[in-house]
1. Looking at segment 8-17, is at least one residue crowded, with 16+ Cβ neighbours inside 10 Å, of a type outside the set (A, V, I, L, M, F, W, C) and within 19 Å of the chain's Cα centre (by Cα)?
2. Could you please let me know if Ala105 is surrounded by fewer than 17 Cβ atoms within 10 Å (Cβ to Cβ), modelled with pLDDT of 95 or more and within 28 Å of Arg50 (Cα to Cα)?
3. List, please: which pairs have Cβ atoms under 6 Å, are six or more places apart or on different chains, and start with a residue in segment 67-82 that is more than 16 Å from Pro22 (Cβ to Cβ) and end with one that is of a type outside the set (Phe, Trp, Tyr) and assigned to a strand (DSSP E or B)?
4. Every residue in segment 93-148 that is of a type in the set (Gly, Ala, Ser), over 17 Å from the mean Cα position of the chain (by Cα) and closer than 16 Å to Gly59 by Cα, please.
5. Can you name the residue in segment 133-148 that is at pLDDT 95 or above and among the hydrophobic types (A, V, I, L, M, F, W, C) and is also farthest from Ile110 (Cα to Cα) among such residues?
6. Check Asp76 against each of (1) within 25 Å of Gly8 (Cα to Cα); (2) of a type in the set (Asp, Glu); (3) in a loop (DSSP other than H, G, I, E, B) and name the one condition it does not meet.
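The values are calculated or read from the model by the stated rules, or taken from the named source; none is laboratory data. The structure presented is a predicted model; accordingly, all values stated were derived computationally and were not measured. Cβ placement follows ideal geometry from the backbone for every residue including glycine, while neighbour counts extend to all protein chains displayed.
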Amino acid sequence: MRAFKDIGLYCDSYRDAAWCQPYKDVQLLMKWDDAWLANTDCDRDGLLDRHYGFASYIGSGAWETNHQSGEYTLEDGSVCKWTYFVKIIAAPADANLAGGVWYAADGTEIGPSIWGEFATIQSVYNDPCGGFGGIEYLSPDHAGFGGW
């Protein structure tokens, strides 16, 4: 599968929506595969393909990553830099959603549900000024792409 990427500001990905303005200076690097969003229109509906050949994202093997970064200023004038990284996958066809968490067919936790059909399999947040550093979540199943 091909991988794509987009670099810009966080609010650009939401067409500069009003709710997004507190995050307007956040840098965003997104990467995804063609099951998430392809560079083609195979079904000729005038839109780029999403989960082509599948009724939904579930079971499509789609994945996406977000790399976000920003900075803020403390009262003493010092600048603090932070980073956030997240891996998201489409839930496997045989997965089960229970209590807001996706589980593999064998009962192993895949990760928390996000946007309904997806699971977060890894998130990392670093903000030394705020006292945060490291992995927030790591899937007990596995945090790499593929295999679902």
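1. Yes, segment 8-17 contains at least one residue that is crowded, with 16+ Cβ neighbours inside 10 Å, of a type outside the set (A, V, I, L, M, F, W, C) and within 19 Å of the chain's Cα centre (by Cα).
2. Taking the combined requirement at face value, the residue satisfies it.
3. Pairs that qualify, where the first residue is more than 16 Å from Pro22 (Cβ to Cβ) and the partner is of a type outside the set (Phe, Trp, Tyr) and assigned to a strand (DSSP E or B), are His67/Leu29; Val79/Glu71; Val79/Thr73; Lys81/Glu71.
4. Ala93, Ala95, Ala104, Ala105, Gly147
5. Only one residue tops the list, namely Ile135.
6. Single failed check for Asp76: (1).
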